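Data first, discussion second: the structure below is written as structure tokens.
The values are calculated or read from the model by the stated rules, or taken from the named source; none is laboratory data. Computed from a prediction, not measured in an experiment: that's the story for all the values here. Here the Cβ positions follow ideal geometry from the backbone for every residue, glycine too, while neighbour counts run over all protein chains shown.
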Amino acid sequence: MRRGTVVHLGSFCGVTIRAITPFVLTAQVFPVFAFKNSEFNKEVTISIGNRGTVGPYSVRLFEINGNTARISLSNAMYSWEQELQEQIQPMIGNITIQDMIRWSRLHSIDLEGLRPMCEDQNTYEAAMIYKIPMEHTNLLSSGWFAANHACSSIYIPIHICDDDFYDPYETGEAAALSLALLQKYGHGNITSLCQSVEKVFLFENEINEALAHLMIHADINISSFLTELDNGMQEQAFLTEQLWLSAPNISRGIIQDIWKENYTMTQQNIQRAITLLICTLGSDASISTLEKIAQSISDAQSKIAEIQQQGYYLHAADIC
Ligand SMILES: [Zn+2]
């Protein structure tokens, strides 16, 4: 392409090459009057080897030779699909909840400047991931829910048989809390903290679902069991987010690593954090929140132990 060339994708509209220098190309939509939206009609500069979004189009610059540039043009939506496909394709056949969570958190920078999955321009943006099992679909189908922007929300589990949810997830309070976290820390900056909590939830949820499976085969109603354990995780996620939002800087190092592997290790970390915080001035609110999280985990552990003691696991051999 030379300067002034208009490139089309089979329609009247397209992209015009405004300038070519030894290392960059400047492009603009054509005809400009057809793209009155100021976001769309601005000139875009693209350097060699990179891609730029020019209005609704995607332009990739391969090389510049004198005043000629070699480019490829496609619809920006198509490029976006291709970028996502590149992430998804290698996982097909083995996609996990963590993969889906990770994709929901992709930002523009992860997708070559194209539309992000976690989108800042929307103030409220929840995400939900569904897992539908082959067996007992009507009881064990589940969802993982991020109350607002996925990069700053802890995904919490729900099951189709649940008959109640932790109140803040019904009132919008959980969404407001996630938004406050995003505004405080910015996109992507607390994602690893969210992942550490989700890792524990996913681990414990596997145990809960396995127990629920055995209960179904023992003809026992699983509704209250899973409702209670899901509610517990919803409460723990909400309290943990509150802790991140309100903890003074000084205690952040103490509280940020409490979630690890499973409930047992997390419980030990919480007790250690409380001991350290007792000596830290201004930590009363954090200690109180940590105690509530510890109580909620302890209630869940008791519930699981109670079911395990009833011996439903003895039926494991029957269902395998
Ligand atoms: Zn984000």
Every listed condition ((1) free of Cβ contacts under 8 Å to residues at least 60 places away in the same chain; (2) surrounded by fewer than 17 Cβ atoms within 10 Å (Cβ to Cβ)) holds for L9 save (1)
How many residues of region 171-221 are in a helix (DSSP H, G or I) and within 16 Å of the ligand (Cβ to nearest atom)? The answer is 16
The residue that is farthest from the ligand (Cβ to nearest atom), considering only those in region 83-109 that are among the hydrophobic types (A, V, I, L, M, F, W, C) and surrounded by fewer than 15 Cβ atoms within 10 Å (Cβ to Cβ), is I92
Inside region 141-155, the number of residues satisfying the requirement of being within 13 Å of the ligand (Cβ to nearest atom) and within 16 Å of P168 (Cβ to Cβ) is 4
Exception for E198 within (1) surrounded by fewer than 17 Cβ atoms within 10 Å (Cβ to Cβ); (2) under 26 Å from P116 (Cα atoms) falls at (1)
Practice task
May I ask you to verify whether E112 is at pLDDT below 95 and within 11 Å of the ligand (Cβ to nearest atom)?
Solution key: no
Among residues of region 112-148 being of a type in the set (G, A, S) and not in a loop (DSSP other than H, G, I, E, B), the residue nearest to M77 (Cα to Cα) is A127
Every listed condition ((1) surrounded by fewer than 16 Cβ atoms within 10 Å (Cβ to Cβ); (2) without any contact (Cβ under 8 Å) to a residue 60 or more places away in the chain; (3) basic (K, R)) holds for R70 save (2)
Within region 170-194, the residues that are of a type outside the set (A, V, I, L, M, F, W, C) and under 19 Å from S104 (Cα atoms) are S178, Q183, Y185, G186, H187, G188, N189, T191, S192
